[in-house]
Amino acid sequence: MATREIAGKTVEVNDEGFMANPTEWNQEIAVAIAAEEGISELTPAHWQVIDFCRKSAASNGSAPTLRAITNGAGVSTKDLFALFPKGPAKKVARISGLGKPEGCV
Amino acid sequence: MFIPFGIYSKNDVIKPKRDFVPAGVELVMSPIELIDADHNRVKLSNGQTLVYDFLVVATGAQIHPEQTPGLQEHEWRKTIHEFYTIEGALALAKHLRNWQGGRMVVNVVENPIKCPVAPLEFIMLADSYFHGQGIRDKVEIIYATPLPGAFTKPIASRHLGDILDKKNIKVVPEFMVMEVEPDAKKIVSYDEQEVNYDLLVSVPLNMGSEAVGRSGLGDDLNFIPVDKHTLVSPRYPNMFVLGDAAAIPTSKAGSVAHFAVESFSENFLRYIDGLELLPSFDGHANCFIESGFGKGLLIDFNYDTEPLPGHYPLPGVGPFSLLQETEMNHWGKLMFRWMYWNLLIKGQELPLPARMTMAGKWKN
Ligand SMILES: Cc1cc2nc3c(=O)[nH]c(=O)nc-3n(C[C@H](O)[C@H](O)[C@H](O)COP(=O)(O)OP(=O)(O)OC[C@H]3O[C@@H](n4cnc5c(N)ncnc54)[C@H](O)[C@@H]3O)c2cc1C
């Protein structure tokens, strides 16, 4: 597995830049990845979503679906797209240090 | 899957349930009203209440087109179709028989869906069907998916990544449909992308049974959380969930349900003898995917191992090839109908292990 330095910490990443090990994640890393994704500032609304995803993944073993996020974090799908434009499921997963949303093949 | 293209008829896929229930089992045919798990009883719509020591829930998943604005309105079953119900598949078959061509858009509303490869299989069979009808040059095929691509696993992508390109099928990734505009004939995503269609084939939102929702047992989509290796409910130690009804991180597929039942049956016999459940279910799935023109693909995977190339079921021999388009894989899928009605559904043993094996596979 490849590694790279994000926000001063060396972490394992896959070939698309998703963190391989959620326990290596911290808030500075989230800020740095968000900047790479074109989100210059993480507002409380962003953190509400990120925190929910971290908690959900810790108990279910995988990044939550969009529906689970909107129900669980209390944001509408429309707002979620405004917070994390163009593919929120993938962006939130990456910023939260979780695996990419995947199909079976 | 075969019905929209006139390959199978209704009689090929529907038989009375009673014919398959063994002697000694009492079959009660009635919708479930409520599962009262705190009191170990199931209320049926016919007024009966069944009291249980152990409960196995296997209520599957159903489609919910009403959850997407515009989908199930005046163009439903006219220019907007689905193939996840028998009525839908038959209506689509009729539509396709007379279709003169245009732009066909296949859209998955949201995951998880039953048989996650079904939309891929559908577009590849459609490509082949339109060739056969002599109208392929008049048809544009577009696949709009919420996922980052048609293939998302690294090894499968490497082996199959260009298969849709070669068939001239266009993929619109990360498309989360917000609404359908049936009069303007377009689907609109939450981030305001639009895709126009002449024929929309939707895979509507899949949800677990409403009875599960009513009983307070499900998650956001009415799927029931269970331990992924033993299939027992963490809330009720006498409740198990098998098949699509369970919220576990593997595909909702018949093959998964089959392997889960096999591992569960052995485990359950231990459990009622007072022994601990073994963490024996590995999420094993094995899916034939028709790719058109008399060929097919086969994938085999579980919770931990993504689909890999190789041979199945006999290492080095096959006869089936994993992650490769072959005629033999197509024959495997056709043979399956006979196996299903004559062996599988009667509970006879197949010479295939329930757990996935690495034998005969390679990792690149
Ligand atoms: C188009 C299509 C193609 C597919 N292709 C494949 C394939 O190639 N390979 C593969 O492995 N899988 C495939 N699948 C998936 C497969 O069909 C399902 O995964 C499988 O049927 C799941 O079995 P199950 O017993 O869990 O649920 P189901 O077969 O859905 O059975 C659930 C049953 O519960 C009943 N039920 C639900 N609620 C209630 C209630 N309240 N009261 C009473 N009864 C209720 C339903 O009526 C139904 O009979 C495909 C699915 C579709 C739609």
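Taken together, the values in this text are just the output of simple stated rules run on the coordinates, not laboratory data. Quantities reported herein were computed from a predicted structural model and do not represent experimental measurements. A quick note on method: Cβ atoms are made from the backbone with ideal geometry, for glycine too, and the neighbour counts reach across all protein chains shown.
With 0.36 nm allotted per residue and the present C-alpha distance subtracted, the B:LYS138-B:ASP165 stretch has 8.0 nm of extension available. Principal axis extents of the Cα atoms in region A:2-95, from largest to smallest and rounded to whole angstrom, are 35, 29, 21.
If R0 equals 51 Å, the separation of the Cβ atoms of B:LYS186 and A:ASP51 corresponds to a calculated FRET efficiency of about 0.90.
Across chain B, the relative contact order, built from alpha-carbon pairs under 8 Å that are at least six residues apart, equals 16 percent. Taking the Cα centre of each part, how many Å lie between region A:41-102 and region B:1-78? Answer, in whole Å: 33. Annotation for region B:190-230 versus region B:91-136: alpha-carbon center distance of 21 Å.
Across region B:217-267, the volume of the C-alpha convex hull divided among the residues equals 67 Å³ per residue.
Ignoring the sites themselves, chain A has its longest run without GluC sites (Glu not before Pro) in a DSSP loop having at most 13 other Cβ atoms within 10 Å at A:42-105.
For the protein assembly as shown, the equivalent ellipsoid built from the Cα gyration tensor has semi-axes of 33, 30, 25 Å, listed from largest to smallest. Could you run the Debye sum over the Cα atoms of chain B, one equal point scatterer each and no solvent, and tell me log10 of I(q)/I(0) at q = 0.11, 0.12, 0.13 Å⁻¹, two decimals? Listed by q, the Debye log ratios stand at -0.83, -1.00, -1.17. Among beta bridges from DSSP that stay inside the protein assembly as shown, the antiparallel ones total about 60%.
One quarter of the convex hull surface built on the alpha carbon atoms of region B:1-160 amounts to 14.2 nm², the projected area averaged over directions.
When a/c reaches 1.5 or more, the comparison of a/b and b/c decides; with that in mind, is region B:285-344 rounded, prolate or oblate per its Cα gyration tensor? Verdict is oblate for region B:285-344.
In order along region B:331-343, phi translates into HN-Hα couplings of 5, x, 5, 5, 4, 4, 4, 5, 4, 4, 6, 9, 10 Hz, rounded to whole numbers, per the Karplus curve 6.51 cos²θ - 1.76 cosθ + 1.60 with θ = phi - 60° and x for Gly and Pro. Remark on B:TYR8: its backbone amide H falls under 5 Å from those of B:ILE3, a criterion applied only to residues 5 or more positions apart or on other chains, H modelled at 1.01 Å from N.
Here's how it looks for B:GLY318: its modeled amide H is under 5 Å from those of B:TYR312, which are all 5 or more places away or on a different chain. Take every Cα pair under 8 Å whose residues are at least 6 apart in sequence, average their separation, divide by the length of region B:63-206, and the relative contact order is 39 percent. Distance between the 7 Å Cα→Cβ label points at A:ALA20 and B:TRP341: 4.9 nm. Each helix, a run of at least 4 DSSP H residues, gives -39500 (n - 2.57); summed and divided by the residues of chain B, these come to -7000 deg cm²/dmol at 222 nm. What is region B:1-74 by shape, rounded, prolate or oblate, if you read a ≥ b ≥ c off the alpha carbon gyration tensor as root eigenvalues and call it rounded for a/c under 1.5, prolate for a/b larger than b/c, and oblate otherwise? Taking the square roots of the gyration eigenvalues as a ≥ b ≥ c, region B:1-74 is oblate. Considering only alpha-carbon pairs that sit under 8 angstrom and 6 or more positions apart, the relative contact order computed for chain A is 29 percent. Spread over its residues, the convex hull of the C-alpha atoms of region B:66-160 is 118 Å³ per residue. Computed over neighbours whose Cβ is under 14 Å from that of B:TYR52, the net charge equals -2, Lys and Arg +1, Asp and Glu -1. Sites listed here are trypsin sites (Lys or Arg not before Pro) in region B:255-364 whose DSSP assignment is loop and whose Cβ has at most 10 other Cβ atoms within 10 Å: B:LYS363.
With a Förster radius of 56 Å applied to the beta-carbon distance between A:GLU12 and B:ARG214, the computed FRET efficiency rounds to 0.80. Charge dipole (Cα centre; +1 on Lys/Arg Cβ, -1 on Asp/Glu Cβ; no other charges) of region A:2-95 amounts to roughly 380 debye.
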